[in-house]
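This report concerns only the one structure given below.
Coordinate-derived values only; no laboratory data. Source: prediction; values computed, not measured. Glycine gets a Cβ as well: all are built from the backbone with ideal geometry, and neighbour counts include every protein chain shown.
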Amino acid sequence: MEQKDIENLRQDYKTATLSEQDVKSDPFIQFDSWFNNAMAAEMYEPNAMTLATATSDGRPSARIVLLKGYNKNGFMFYTNYLSRKGRELAKNPLAAITFWWGPLERQIRIEGTIEKLSKQQSEEYFHSRPVKSQLGAVVSPQSQEIDGRDLLEKRMDQLTAEYEGKEVPKPAHWGGYILKPTMFEFWQGRRSRLHDRIVFKKADKNNWKIVRLAP
């Protein structure tokens with residue numbers, strides 16, 4: 001394996017600053033402001049986020065998923081409940097999500113508890129998706145070992161013909177989750193690695209404590 005000059009890969013961040021006086025008192029409003037900035041920058045999939053879960057004995061795993069909604073209650077995404085992340089969340093309903101917006105030199109980390117969305121919410125979102133995406137959710141036994149891609153493609157062809165002109169039923173094992181935050185960290189890259197890190201810690205139901213962390 002050829003050794004690359006990895007240790008010398010670096011950037012000096014200088015786009016913006018973040019102070020305790022700059023942030024909103026409500027972390028959801030602060031998130032909304034930064035998310036809108038990312039949308040306005042026309043970044044590729046600004047709703048892409050790393051979702052970290054862990055088994056009941058603490059073995060972690062992480063993957064990229066897409067944020068599909070947020071409000072004052074939390075952050076929503078959808079998946080197969082029988083996938084690895086689904087199985088882990090069933091036993092350990094704690095998770096973390098991370099957004100990285102390189103062009104803005106910003107990162108947001110959010111930690112919290114996980115709950116399933118209602119069947120109605122999952123149904124509504126499922127049927128709002130393109131039909132091929134709906135069929136893909138039916139076809140794929142997510143995270144399970146399979147003998148080859150041909151199995152998926154043959155099953156997709158079968159279901160495409162079977163449901164032509166018909167509504168695709170949402171699988172019982174597919175639906176949404178909401179992450180209800182207990183911590184937000186807003187990270188703004190700065191020169192000389194002296195980055196700004198502003199953290200919101202849940203104080204009680206309606207209040208957050210704002211603190212600065214050393215970079």
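Remarks
- Distance between the pseudo-spin-label points of Asp57 and Glu162 (7 Å out from Cα toward the beta carbon): 3.8 nm.
- With at most 10 other Cβ atoms within 10 Å, longest stretch of the chain clear of loop GluC sites (Glu not before Pro) (DSSP): 43-144
- The chain: most fluctuating residue of Gln21, Gln107, Gln30 per GNM, C-alpha cutoff 10 Å: Gln21
- Where a label projected 7 Å from the Cα of Arg10 along Cα→Cβ would reach, residues of region 159-199 with amide N under 14 Å: 190-195
- Distance from the C-alpha centroid of region 58-122 to that of region 159-187: 12 Å, rounded to the whole angstrom.
- Ser192 versus Ser19: modelled label distance in nm, points set 7 Å from Cα along the beta carbon direction: 1.8
- Shape category assigned to the chain from the gyration tensor of Cα positions, a/c cut at 1.5: prolate
- Entry note, the chain: relative contact order of 25 percent, from Cα contacts under 8 Å with a spacing of 6+ residues.
- Considering only alpha-carbon pairs that sit under 8 angstrom and 6 or more positions apart, the relative contact order computed for region 83-122 is 35 percent.
- Between Gly175, Gly86, Gly148, the GNM of the chain built on Cα springs shorter than 10 angstrom shows Gly148 fluctuating the most.
- Residue pairs exceeding 32 angstrom between C-alpha atoms, taken from Lys14/Lys85; Lys170/Lys201; Lys91/Lys205; Lys14/Lys201; Lys4/Lys91; Lys132/Lys205: Lys14/Lys85; Lys170/Lys201; Lys4/Lys91; Lys132/Lys205.
- Spacing of the modelled spin labels on Glu123 and Glu145, each 7 Å from Cα toward Cβ, amounts to 3.8 nm.
- Candidates Asp57, Asp157, Asp147, ranked by Gaussian network fluctuation over the chain, Cα under 10 Å, top entry: Asp147
- Dipole in debye (nearest 20) - region 1-146, about Cα centre, beta carbon charges: Lys, Arg +1; Asp, Glu -1: 560
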